[in-house]
Amino acid sequence: MNNKKVALATLLPVMFGFFIMGFVDIIGMAVNHVKEDFALTDSTVNLISMSCYLWFLVLAIPTGMLMNKIGRKSTVLVSFLCHVVAMSIPLINYSFPMMLLAFTLVGIGNTILQVAMNPLVTDVVSGDKLTGTLTLGQFIKAVCSFFGPVIVSWATGLAFGWKLIFPIYAVLSLLALLWLYFAPIREQKVAATQVSFRPTFELLKDNVILLYFIGILVLVGVDVGMNMTFPKFLQERCNLPLSQADLGNSVYFLARTVGAFAGGVLMLKFSERIFYVASVVVAMIGLVTLALGNNLIFILCCVAIFGLGYANLFSIIFSLSMQRVPDKANEVSALLVAGICGGAVIPSIIGFVTDSFQTQVAAIVLLAVVWLYMFYLITKVPKPQR
(Lines give C-alpha, C1' and ligand atoms only; values in the text may rest on other atoms or scores of the structure.)
Protein backbone atom coordinates (compact mmCIF):
# COMPACT_ATOMS: atom_id res chain seq x y z
CA MET A 1 0.00 0.00 0.00
CA ASN A 2 2.82 2.35 0.88
CA ASN A 3 4.47 1.63 -2.47
CA LYS A 4 1.21 2.46 -4.24
CA LYS A 5 0.95 5.74 -2.35
CA VAL A 6 4.50 6.66 -3.30
CA ALA A 7 3.79 5.74 -6.93
CA LEU A 8 0.72 7.99 -7.00
CA ALA A 9 2.59 10.79 -5.25
CA THR A 10 5.12 10.80 -8.07
CA LEU A 11 2.84 9.97 -11.02
CA LEU A 12 -0.03 12.42 -10.44
CA PRO A 13 2.00 15.66 -10.46
CA VAL A 14 3.82 14.48 -13.58
CA MET A 15 0.57 13.69 -15.38
CA PHE A 16 -0.81 17.09 -14.38
CA GLY A 17 2.04 18.51 -16.44
CA PHE A 18 0.31 17.24 -19.58
CA PHE A 19 -2.68 19.37 -18.63
CA ILE A 20 -0.40 22.43 -18.46
CA MET A 21 0.96 21.44 -21.88
CA GLY A 22 -2.53 22.01 -23.32
CA PHE A 23 -2.48 25.70 -22.33
CA VAL A 24 -0.79 26.59 -25.62
CA ASP A 25 -4.02 25.80 -27.48
CA ILE A 26 -5.63 28.91 -26.01
CA ILE A 27 -3.73 30.85 -28.67
CA GLY A 28 -6.54 30.53 -31.22
CA MET A 29 -9.08 32.20 -28.96
CA ALA A 30 -6.58 34.76 -27.70
CA VAL A 31 -5.73 35.85 -31.25
CA ASN A 32 -9.38 36.38 -32.14
CA HIS A 33 -10.20 38.33 -28.99
CA VAL A 34 -7.07 40.49 -29.23
CA LYS A 35 -7.94 41.24 -32.86
CA GLU A 36 -11.42 42.36 -31.78
CA ASP A 37 -10.26 44.29 -28.72
CA PHE A 38 -7.57 46.29 -30.53
CA ALA A 39 -9.08 46.38 -34.05
CA LEU A 40 -6.09 44.66 -35.67
CA THR A 41 -5.72 42.98 -39.07
CA ASP A 42 -5.22 39.22 -39.33
CA SER A 43 -1.64 39.62 -40.54
CA THR A 44 -0.79 41.79 -37.52
CA VAL A 45 -2.54 39.79 -34.81
CA ASN A 46 -1.11 36.52 -36.15
CA LEU A 47 2.28 37.73 -34.93
CA ILE A 48 1.11 36.28 -31.61
CA SER A 49 1.32 32.82 -33.16
CA MET A 50 4.80 33.51 -34.51
CA SER A 51 5.98 34.84 -31.14
CA CYS A 52 4.81 31.59 -29.55
CA TYR A 53 5.75 28.79 -31.95
CA LEU A 54 9.06 30.13 -33.24
CA TRP A 55 10.64 29.06 -29.95
CA PHE A 56 10.13 25.40 -30.76
CA LEU A 57 12.73 25.78 -33.51
CA VAL A 58 15.08 27.86 -31.36
CA LEU A 59 14.92 26.02 -28.03
CA ALA A 60 14.13 22.35 -28.69
CA ILE A 61 17.77 21.27 -28.88
CA PRO A 62 19.11 23.63 -26.16
CA THR A 63 16.41 22.23 -23.86
CA GLY A 64 17.89 18.76 -24.34
CA MET A 65 21.26 20.18 -23.31
CA LEU A 66 19.71 21.91 -20.30
CA MET A 67 17.99 18.69 -19.25
CA ASN A 68 21.32 16.87 -19.24
CA LYS A 69 22.78 19.51 -16.90
CA ILE A 70 20.03 20.24 -14.35
CA GLY A 71 17.88 17.11 -14.63
CA ARG A 72 14.43 16.36 -16.02
CA LYS A 73 12.39 17.43 -13.01
CA SER A 74 14.15 20.79 -12.69
CA THR A 75 13.70 21.41 -16.42
CA VAL A 76 9.96 20.79 -16.17
CA LEU A 77 9.80 23.12 -13.15
CA VAL A 78 11.40 25.86 -15.30
CA SER A 79 8.65 25.37 -17.88
CA PHE A 80 5.93 25.70 -15.22
CA LEU A 81 7.52 28.92 -13.97
CA CYS A 82 7.44 30.31 -17.52
CA HIS A 83 3.72 29.54 -17.71
CA VAL A 84 3.04 31.24 -14.36
CA VAL A 85 4.78 34.44 -15.49
CA ALA A 86 3.20 34.32 -18.96
CA MET A 87 -0.35 33.97 -17.65
CA SER A 88 0.20 36.81 -15.17
CA ILE A 89 1.29 39.40 -17.76
CA PRO A 90 -2.19 40.18 -19.21
CA LEU A 91 -3.44 40.81 -15.68
CA ILE A 92 -0.80 43.48 -15.16
CA ASN A 93 -0.96 45.15 -18.57
CA TYR A 94 -3.41 44.09 -21.27
CA SER A 95 -2.03 45.46 -24.53
CA PHE A 96 -0.92 43.98 -27.84
CA PRO A 97 2.83 44.23 -27.07
CA MET A 98 2.28 42.59 -23.68
CA MET A 99 0.26 39.80 -25.32
CA LEU A 100 3.20 39.20 -27.65
CA LEU A 101 5.45 38.95 -24.60
CA ALA A 102 3.01 36.66 -22.79
CA PHE A 103 2.81 34.19 -25.66
CA THR A 104 6.55 34.37 -26.17
CA LEU A 105 6.86 32.99 -22.64
CA VAL A 106 4.10 30.46 -23.32
CA GLY A 107 6.07 29.27 -26.34
CA ILE A 108 9.30 29.05 -24.36
CA GLY A 109 7.61 27.22 -21.50
CA ASN A 110 5.75 24.83 -23.77
CA THR A 111 8.87 24.01 -25.77
CA ILE A 112 10.72 23.10 -22.59
CA LEU A 113 7.74 21.08 -21.39
CA GLN A 114 7.33 19.16 -24.66
CA VAL A 115 11.00 18.14 -24.65
CA ALA A 116 11.34 17.25 -20.95
CA MET A 117 7.97 15.76 -20.03
CA ASN A 118 8.18 12.39 -21.80
CA PRO A 119 11.66 11.57 -20.38
CA LEU A 120 10.40 12.53 -16.90
CA VAL A 121 7.56 10.02 -17.24
CA THR A 122 10.15 7.25 -17.59
CA ASP A 123 11.33 8.10 -14.08
CA VAL A 124 7.96 7.39 -12.48
CA VAL A 125 6.57 4.37 -14.38
CA SER A 126 8.02 1.02 -15.37
CA GLY A 127 8.83 0.22 -18.99
CA ASP A 128 5.81 -2.03 -19.57
CA LYS A 129 3.47 0.83 -18.58
CA LEU A 130 5.26 3.63 -20.43
CA THR A 131 3.27 3.59 -23.69
CA GLY A 132 -0.07 3.54 -21.89
CA THR A 133 1.02 6.33 -19.56
CA LEU A 134 2.17 8.55 -22.44
CA THR A 135 -1.11 7.90 -24.25
CA LEU A 136 -3.00 8.90 -21.10
CA GLY A 137 -0.87 12.05 -20.93
CA GLN A 138 -1.87 13.07 -24.45
CA PHE A 139 -5.51 12.44 -23.53
CA ILE A 140 -5.14 14.75 -20.51
CA LYS A 141 -3.61 17.42 -22.78
CA ALA A 142 -6.56 17.05 -25.15
CA VAL A 143 -9.02 17.48 -22.27
CA CYS A 144 -7.34 20.79 -21.40
CA SER A 145 -7.60 21.91 -25.04
CA PHE A 146 -11.30 21.02 -25.03
CA PHE A 147 -12.15 22.97 -21.89
CA GLY A 148 -10.22 26.12 -22.87
CA PRO A 149 -12.90 27.43 -25.28
CA VAL A 150 -15.62 26.49 -22.79
CA ILE A 151 -13.98 28.57 -20.05
CA VAL A 152 -13.44 31.53 -22.39
CA SER A 153 -17.05 31.43 -23.62
CA TRP A 154 -18.35 31.25 -20.03
CA ALA A 155 -16.09 34.07 -18.85
CA THR A 156 -17.08 36.42 -21.68
CA GLY A 157 -20.27 37.38 -19.88
CA LEU A 158 -18.50 38.16 -16.59
CA ALA A 159 -16.94 41.41 -15.41
CA PHE A 160 -13.35 40.45 -16.24
CA GLY A 161 -14.39 39.07 -19.61
CA TRP A 162 -12.55 36.41 -21.60
CA LYS A 163 -9.28 37.38 -19.87
CA LEU A 164 -10.44 35.44 -16.81
CA ILE A 165 -8.76 32.45 -18.43
CA PHE A 166 -5.35 33.92 -17.58
CA PRO A 167 -5.62 33.99 -13.76
CA ILE A 168 -7.17 30.51 -13.88
CA TYR A 169 -4.26 29.19 -15.91
CA ALA A 170 -1.74 31.11 -13.77
CA VAL A 171 -3.06 29.47 -10.59
CA LEU A 172 -3.07 26.02 -12.20
CA SER A 173 0.51 26.54 -13.42
CA LEU A 174 1.61 27.56 -9.92
CA LEU A 175 -0.17 24.53 -8.47
CA ALA A 176 1.64 22.29 -10.96
CA LEU A 177 4.99 23.86 -10.03
CA LEU A 178 4.51 23.38 -6.28
CA TRP A 179 3.05 19.88 -6.65
CA LEU A 180 5.96 18.65 -8.77
CA TYR A 181 8.56 20.44 -6.63
CA PHE A 182 7.53 18.49 -3.52
CA ALA A 183 7.02 15.19 -5.38
CA PRO A 184 9.56 12.54 -4.26
CA ILE A 185 10.86 11.69 -7.74
CA ARG A 186 14.15 9.85 -8.10
CA GLU A 187 15.58 10.46 -11.53
CA GLN A 188 17.31 7.59 -13.25
CA LYS A 189 20.97 8.07 -14.04
CA VAL A 190 21.26 7.20 -17.71
CA ALA A 191 24.25 7.46 -19.98
CA ALA A 192 22.34 9.47 -22.58
CA THR A 193 24.13 10.85 -25.60
CA GLN A 194 24.60 14.59 -25.58
CA VAL A 195 22.00 16.23 -27.82
CA SER A 196 23.56 18.99 -29.89
CA PHE A 197 22.79 20.99 -33.00
CA ARG A 198 25.08 19.36 -35.55
CA PRO A 199 24.13 15.66 -35.18
CA THR A 200 20.46 16.63 -34.87
CA PHE A 201 20.27 18.68 -38.05
CA GLU A 202 22.50 16.21 -39.89
CA LEU A 203 19.49 13.88 -39.73
CA LEU A 204 17.93 16.07 -42.43
CA LYS A 205 20.47 14.64 -44.89
CA ASP A 206 18.25 11.56 -44.82
CA ASN A 207 15.62 12.42 -47.44
CA VAL A 208 12.84 10.53 -45.67
CA ILE A 209 13.56 12.16 -42.29
CA LEU A 210 13.55 15.54 -44.06
CA LEU A 211 10.12 14.82 -45.52
CA TYR A 212 8.82 13.64 -42.13
CA PHE A 213 10.16 16.86 -40.57
CA ILE A 214 8.27 18.92 -43.17
CA GLY A 215 5.24 16.78 -42.38
CA ILE A 216 5.41 17.89 -38.75
CA LEU A 217 5.73 21.52 -39.91
CA VAL A 218 2.59 21.08 -42.01
CA LEU A 219 0.61 19.24 -39.33
CA VAL A 220 1.24 21.79 -36.59
CA GLY A 221 0.82 24.75 -38.95
CA VAL A 222 -2.55 23.46 -40.16
CA ASP A 223 -3.65 22.68 -36.61
CA VAL A 224 -2.80 26.16 -35.30
CA GLY A 225 -4.24 27.72 -38.45
CA MET A 226 -7.54 25.90 -37.91
CA ASN A 227 -7.53 26.80 -34.21
CA MET A 228 -7.20 30.50 -35.10
CA THR A 229 -9.41 30.53 -38.21
CA PHE A 230 -12.42 28.43 -37.28
CA PRO A 231 -14.07 30.85 -34.79
CA LYS A 232 -13.71 33.69 -37.33
CA PHE A 233 -15.12 31.39 -40.02
CA LEU A 234 -18.18 30.73 -37.83
CA GLN A 235 -18.62 34.46 -37.29
CA GLU A 236 -18.49 35.07 -41.04
CA ARG A 237 -20.69 32.19 -42.21
CA CYS A 238 -23.15 31.85 -39.31
CA ASN A 239 -23.21 35.41 -37.88
CA LEU A 240 -22.23 34.19 -34.42
CA PRO A 241 -20.73 36.48 -31.77
CA LEU A 242 -17.16 35.62 -30.88
CA SER A 243 -18.18 34.33 -27.44
CA GLN A 244 -20.26 31.60 -29.15
CA ALA A 245 -17.90 31.06 -32.08
CA ASP A 246 -15.13 30.17 -29.60
CA LEU A 247 -17.06 27.02 -28.73
CA GLY A 248 -16.48 25.78 -32.27
CA ASN A 249 -12.91 24.99 -31.26
CA SER A 250 -14.25 22.75 -28.49
CA VAL A 251 -15.97 20.65 -31.17
CA TYR A 252 -12.66 20.42 -33.02
CA PHE A 253 -10.67 19.42 -29.94
CA LEU A 254 -13.37 16.96 -28.83
CA ALA A 255 -13.20 15.27 -32.25
CA ARG A 256 -9.42 15.04 -31.95
CA THR A 257 -9.75 13.52 -28.48
CA VAL A 258 -12.23 10.90 -29.69
CA GLY A 259 -10.10 10.25 -32.77
CA ALA A 260 -6.96 9.71 -30.71
CA PHE A 261 -8.76 7.26 -28.43
CA ALA A 262 -10.28 5.37 -31.37
CA GLY A 263 -6.96 5.42 -33.20
CA GLY A 264 -5.20 3.74 -30.31
CA VAL A 265 -7.61 0.82 -30.71
CA LEU A 266 -7.73 0.70 -34.52
CA MET A 267 -3.95 0.83 -34.98
CA LEU A 268 -3.76 -2.50 -33.16
CA LYS A 269 -5.64 -4.02 -36.10
CA PHE A 270 -4.48 -1.99 -39.10
CA SER A 271 -1.02 -1.08 -40.37
CA GLU A 272 0.37 2.42 -39.97
CA ARG A 273 0.20 2.93 -43.75
CA ILE A 274 -3.48 2.03 -44.04
CA PHE A 275 -4.36 4.18 -41.05
CA TYR A 276 -2.24 7.08 -42.33
CA VAL A 277 -3.92 7.03 -45.77
CA ALA A 278 -7.40 6.84 -44.25
CA SER A 279 -6.63 9.69 -41.84
CA VAL A 280 -5.28 12.00 -44.57
CA VAL A 281 -8.29 11.36 -46.83
CA VAL A 282 -10.83 11.87 -44.03
CA ALA A 283 -9.17 15.13 -42.98
CA MET A 284 -9.20 16.46 -46.56
CA ILE A 285 -12.90 15.62 -46.89
CA GLY A 286 -13.51 17.65 -43.74
CA LEU A 287 -11.53 20.65 -45.07
CA VAL A 288 -13.15 20.71 -48.52
CA THR A 289 -16.71 20.36 -47.23
CA LEU A 290 -15.98 22.95 -44.53
CA ALA A 291 -15.11 25.56 -47.17
CA LEU A 292 -18.48 24.92 -48.85
CA GLY A 293 -20.64 24.96 -45.71
CA ASN A 294 -23.15 27.63 -44.67
CA ASN A 295 -25.25 25.78 -42.09
CA LEU A 296 -23.95 25.79 -38.48
CA ILE A 297 -24.59 22.08 -37.81
CA PHE A 298 -23.08 21.12 -41.15
CA ILE A 299 -19.98 23.24 -40.51
CA LEU A 300 -19.49 21.74 -37.04
CA CYS A 301 -19.78 18.25 -38.52
CA CYS A 302 -17.15 19.15 -41.12
CA VAL A 303 -14.62 20.39 -38.56
CA ALA A 304 -15.31 17.27 -36.48
CA ILE A 305 -14.52 15.11 -39.54
CA PHE A 306 -11.29 17.02 -40.03
CA GLY A 307 -10.42 16.59 -36.34
CA LEU A 308 -11.02 12.83 -36.52
CA GLY A 309 -8.73 12.55 -39.53
CA TYR A 310 -6.06 14.76 -38.02
CA ALA A 311 -6.00 13.13 -34.57
CA ASN A 312 -3.32 10.44 -35.02
CA LEU A 313 -1.09 11.76 -37.80
CA PHE A 314 1.46 13.44 -35.50
CA SER A 315 2.02 10.26 -33.52
CA ILE A 316 2.26 8.17 -36.72
CA ILE A 317 4.97 10.39 -38.24
CA PHE A 318 6.78 10.55 -34.90
CA SER A 319 6.72 6.76 -34.66
CA LEU A 320 7.90 6.27 -38.27
CA SER A 321 10.79 8.68 -37.70
CA MET A 322 11.92 6.86 -34.55
CA GLN A 323 11.70 3.50 -36.34
CA ARG A 324 13.82 4.76 -39.22
CA VAL A 325 16.71 5.94 -37.01
CA PRO A 326 16.29 3.99 -33.74
CA ASP A 327 19.91 4.53 -32.68
CA LYS A 328 19.44 8.32 -32.68
CA ALA A 329 16.15 8.56 -30.79
CA ASN A 330 17.16 11.62 -28.77
CA GLU A 331 18.18 13.57 -31.86
CA VAL A 332 15.03 12.54 -33.77
CA SER A 333 12.81 13.62 -30.87
CA ALA A 334 14.52 17.02 -30.61
CA LEU A 335 14.30 17.53 -34.38
CA LEU A 336 10.58 16.77 -34.54
CA VAL A 337 9.83 19.01 -31.57
CA ALA A 338 11.69 21.75 -33.46
CA GLY A 339 9.26 21.10 -36.31
CA ILE A 340 6.42 22.39 -34.14
CA CYS A 341 7.60 25.83 -35.30
CA GLY A 342 5.23 25.23 -38.22
CA GLY A 343 2.71 26.91 -35.94
CA ALA A 344 4.62 30.15 -36.52
CA VAL A 345 4.91 29.89 -40.30
CA ILE A 346 1.57 28.83 -41.78
CA PRO A 347 -0.69 31.07 -39.59
CA SER A 348 1.43 34.06 -40.62
CA ILE A 349 0.79 33.24 -44.28
CA ILE A 350 -2.91 32.78 -43.50
CA GLY A 351 -3.04 36.29 -42.04
CA PHE A 352 -1.79 37.88 -45.26
CA VAL A 353 -4.13 35.73 -47.38
CA THR A 354 -7.27 36.57 -45.40
CA ASP A 355 -6.37 40.28 -45.36
CA SER A 356 -5.97 40.17 -49.14
CA PHE A 357 -9.19 38.28 -49.92
CA GLN A 358 -11.22 39.68 -47.00
CA THR A 359 -12.76 36.28 -46.24
CA GLN A 360 -11.94 33.37 -43.95
CA VAL A 361 -12.86 30.97 -46.73
CA ALA A 362 -9.48 31.83 -48.26
CA ALA A 363 -7.82 30.53 -45.10
CA ILE A 364 -9.67 27.20 -45.29
CA VAL A 365 -8.75 26.84 -48.98
CA LEU A 366 -5.11 27.57 -48.15
CA LEU A 367 -5.15 24.92 -45.41
CA ALA A 368 -6.55 22.41 -47.94
CA VAL A 369 -3.79 23.27 -50.43
CA VAL A 370 -1.10 22.86 -47.76
CA TRP A 371 -2.72 19.57 -46.74
CA LEU A 372 -1.92 18.13 -50.19
CA TYR A 373 1.61 17.61 -48.87
CA MET A 374 0.26 14.94 -46.53
CA PHE A 375 -0.94 13.03 -49.61
CA TYR A 376 2.56 13.24 -51.11
CA LEU A 377 3.98 11.88 -47.86
CA ILE A 378 1.98 8.67 -48.38
CA THR A 379 4.76 7.56 -50.75
CA LYS A 380 7.20 7.65 -47.83
CA VAL A 381 5.10 5.61 -45.40
CA PRO A 382 6.45 2.02 -45.49
CA LYS A 383 4.15 -0.73 -46.65
CA PRO A 384 3.42 -3.39 -44.02
CA GLN A 385 5.69 -6.42 -44.10
CA ARG A 386 4.03 -9.79 -44.58
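The values are calculated or read from the model by the stated rules, or taken from the named source; none is laboratory data. Small disclaimer: the values here were computed from a predicted structure and weren't measured. Counting neighbours? That spans all protein chains shown, and the Cβs are built from the backbone with ideal geometry, glycine included. Keep in mind that these areas ignore ligands, DNA and RNA; they rest on the heavy atoms of the full protein, side chains included. Shrake-Rupley method; radii C 1.70, N 1.55, O 1.52, S 1.80 Å.
Can you check what the net charge comes to around residue 56, using other residues whose Cβ is under 15 Å from the Cβ of residue 56 (Lys, Arg +1; Asp, Glu -1)?
Numbers: positive: none; negative: 25, 223.
Summing Lys and Arg as +1 and Asp and Glu as -1 gives -2.
Rounded to the nearest 500, the 222 nm mean residue ellipticity of the chain from helices alone is -26000 deg cm²/dmol, with -39,500 (n - 2.57) taken per DSSP H run of at least 4 residues.
Computed extension gain for residue 274 through residue 206, at 0.36 nm per residue and net of the alpha carbon distance, reaches 22.1 nm. So which of 35/380; 73/232; 69/328 end up more than 28 Å apart by C-alpha? Pairs exceeding the cut-off: 35/380; 73/232.
In the assembled protein chains, residue 285 presents an accessible area of approximately 90 Å² (probe radius 1.4 Å). The mean sequence distance of close C-alpha pairs (under 8 Å, at least 6 residues apart), as a share of the length of segment 218-322, puts its relative contact order at 33 percent.
For the chain, which whole-number percentage of the solvent-accessible area (1.4 Å probe, protein heavy atoms only) is attributable to carbon and sulfur atoms?
Details: 11460 of 16700 Å².
C and S fraction of accessible area: 69 percent.
Relative protection proxy for 159-165, 83-89, from highest mean packing down: 83-89, 159-165 (other beta-carbon atoms within 10 angstrom). Our summary gives the chain a relative contact order of 26 percent, counting only alpha carbon pairs under 8 angstrom and 6 or more residues apart. Taking Cα centre as origin and charging only the Cβ of basic (Lys, Arg, +1) and acidic (Asp, Glu, -1) residues, the dipole magnitude of segment 131-234 rounds to 140 debye. Between residue 329 and residue 178, what is the FRET efficiency for a Förster distance of 41 Å, r being their Cβ-Cβ separation, to the nearest 0.05? Between residue 329 and residue 178 the formula returns 0.80.
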